[in-house]
Structures are given as C-alpha cells and as structure tokens.
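Enquirer: The structure is given below, and queries will be raised subsequently.
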Amino acid sequence: MTELGPVAWPPAPIRTERLVLREPEARDRAAVIELLASPEVGTYLGGPRPRDELEREMPEAPSRRPGLFIVDLDGAMIGQITLTRETGHLPQAAGKAELGYLFLSQAWGRGYAAEACAAALDWFADALPGEPVVLATQTANVRSMRLAAKLGFVEVERFEAYGAEQWFGRWSSVTPSD
C-alpha cells in the first residue's frame, strides 16, 4: 500500500446517520481479530486467518494507516473500510485508489456497508476531486456485487484470478458530460 497522495491523515471522524468512520483504537482489537478470523467474512477472500495466529501477531492497538477507517456503531466496531493506492495485487488496479470493505457478519443486511462506503467515497471525492476509485470482487460474492452497484461502480471487466471469476469496477464523483 502507498499513500493516497496529498491528503491530510487522519481526517476528523466522519459521521453518518447511524455510524462513525474513524481511526483504529486499542478497543477495536478483539473485533478486528473476529473479523479476520470469521469463516463467513473470509469466504471470498481465500478463507479466514487462524485466530491463534491473529492473537499472537496483532499489536494491542490495531495498526493505523492512511486510508483505513473503522466503522463504528454505537461505540463498537462493526467493520472496516480501506481506500488505498493499490500497488499491484491486480494489474488493473495498480496505481489507482481502491475501495475495500469488511463487515462482521452480524452487521450484514442492515445497510451499514452502503452507508459507510458512501460516506468514505464522499470524503475521498472532497479530498481528491475527480479521481476515480476502483473495486474488485468475486462475481460469486452476490452481496459485494449488489453493494458495488448501489454505490455507483460501473463494470470495467471480468477476469479470472485467485481461482475464481472477478468483477472489476470503477466509480467517479465526476459525471461524464453528454
């Protein structure tokens, strides 16, 4: 991951109707471990990470880094969003700002991911006007595909990677002129 560019980090917490997007804090450690060890969350990401490994390796306070937002509901972490300058895990994304999101399964189906991602994209559009954002997800991940569409990502291509069909989309705060 590289820096997003000329963006002051961290921004002030971003507040939506129900959520706060903020930097990680020590109190988030258990929820981050739960997120990364969850079989449901890891289904389309190569599987969950072993909990004992996460317990050993994760510092007392989860790492703070530019582009990482904790999604907080009533004082508790329910997910995380990343907006990072991609360094090449997928050639299509190299050098572009990429949106990523992970939510605890108990937060699924309530619109939290759409609300939080929309707020993060609004922040990004203000911080780096006109710069597009990309997103990649497995086509089998129906929830992620629906979220991408709801957020306004437009399909650029589909391709095979990591043993599955992938969907690659683009979002821009700039409306193309007719």
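The values are calculated or read from the model by the stated rules, or taken from the named source; none is laboratory data. Just so it is clear, the model here is predicted, and its values are computed rather than measured. Cβ placement follows ideal geometry from the backbone for every residue including glycine, while neighbour counts extend to all protein chains displayed. Side chains are part of the model used for accessible areas, which takes the heavy atoms of the whole protein and leaves out ligands, DNA and RNA. Shrake-Rupley method; radii C 1.70, N 1.55, O 1.52, S 1.80 Å.
Enquirer: Loop only per DSSP, at most 15 neighbouring Cβ atoms within 10 Å: give me the GluC sites (Glu not before Pro) in segment 56-118, ordered by residue number. Spell out each step's value before the answer.
Expert: Numbers: sites: 57, 60, 86, 98, 115; in loops: 60, 86.
Filter output for segment 56-118: 60.
Enquirer: Could you size up the charge dipole of segment 1-50 around its Cα centre, putting +1 on the beta carbon of Lys and Arg and -1 on that of Asp and Glu, and report it in debye to the nearest 20? Don't skip to the end; give the middle numbers.
Expert: Numbers: 6 positive and 7 negative charges, 17 e Å.
Dipole magnitude for segment 1-50 comes out near 80 debye.
Enquirer: Per residue, how much accessible surface does segment 76-178 expose to a 1.4 Å probe? Answer in Å², no decimals.
Expert: Accessible area per residue: 48 Å².
Enquirer: For residue 105 and residue 155, compute 0.36 nm times the residue count separating them, minus their Cα-Cα distance, and round to one decimal in nm.
Expert: Working: separation 50, 0.36 × 50 = 18.00 nm, distance 2.58 nm.
Value of the extension gain: 15.4 nm.
Enquirer: Below 8 Å, C-alpha to C-alpha, sequence gap of six or more: please give me the relative contact order for the chain in percent. Spell out each step's value before the answer.
Expert: On the way: 290 pairs, mean separation 33.6, N = 178.
It rounds to 19 percent for the chain.
Enquirer: Can you give the local net charge around residue 139? Use residues other than it whose beta-carbon is closer than 14 angstrom to its beta-carbon, Lys and Arg +1, Asp and Glu -1. Could the numbers behind the result be given before it?
Expert: Numbers: positive: 143, 146, 158; negative: 155, 157, 160, 165.
Residues near residue 139 contribute -1 overall.
Enquirer: Separate question: Give me the percent of the accessible area of segment 13-79 that comes from carbon and sulfur atoms, probe 1.4 Å, all protein chains in place.
Expert: Here carbon and sulfur together make up 50 percent of the probe-accessible area.
Enquirer: All other residues with a Cβ under 13 Å from the Cβ of residue 63 taken together, and with Lys, Arg as +1 and Asp, Glu as -1, what is their net charge? Before the final figure, lay out the partial values.
Expert: Details: positive: 29, 64, 65; negative: 23, 25, 28, 57, 60.
Overall, the nearby charge balance is -2.
Enquirer: Using a 1.4 Å probe and counting only protein heavy atoms, arrange 44, 112 so the residue with the most accessible area comes first. It would help to have the intermediate numbers written out before the result.
Expert: Numbers: 44 85, 112 30 Å².
Ranked from most to least accessible, the order is 44, 112.
Enquirer: Further, regarding this structure: Under unit Cβ charges (Lys, Arg +1; Asp, Glu -1), what dipole magnitude, rounded to 20 debye, does segment 43-125 have relative to its Cα centre? Working shown, then result.
Expert: Details: 8 positive and 11 negative charges, 45 e Å.
Here segment 43-125 has a charge dipole of around 220 debye.
Enquirer: Here's a follow-up. Roughly how many Å is it from the Cα centre of segment 96-113 to that of segment 1-43, as a whole number?
Expert: 10 Å
Enquirer: Give me the 1.4 Å probe accessible area per residue for segment 6-71, excluding ligands and nucleic acids, in Å². Intermediate values should be presented prior to the final figure.
Expert: Working: 3750 Å² over 66 residues.
Ligands and nucleic acids excluded, the result is 57 Å² per residue.
Enquirer: Under 11 Å from the Cβ of residue 156, count the other residues' Cβ atoms, weight Lys and Arg +1, Asp and Glu -1, and hand me the total. The partial results should precede the final answer.
Expert: Details: positive: 96, 158, 170; negative: 155, 157.
With Lys, Arg at +1 and Asp, Glu at -1, the neighbours total +1.
Enquirer: Using heavy-atom solvent-accessible surface (probe 1.4 Å) with all chains present, what is the largest-first order of 126, 28? Each step should come with its number before you reach the end.
Expert: Working: 126 130, 28 0 Å².
So the residues, ranked largest to smallest area, are 126, 28.
Enquirer: Using +1 on the beta carbon of Lys and Arg, -1 on that of Asp and Glu, and nothing else charged, what's the dipole of the chain about the Cα centre, debye to 20?
Expert: About 140 debye.
Enquirer: Sticking with this one: Decide, for segment 114-170, between rounded, prolate and oblate: order the square roots of the alpha carbon gyration tensor eigenvalues as a ≥ b ≥ c, take rounded if a/c falls under 1.5, and otherwise choose prolate if a/b is larger than b/c, else oblate.
Expert: Taking the square roots of the gyration eigenvalues as a ≥ b ≥ c, segment 114-170 is prolate.
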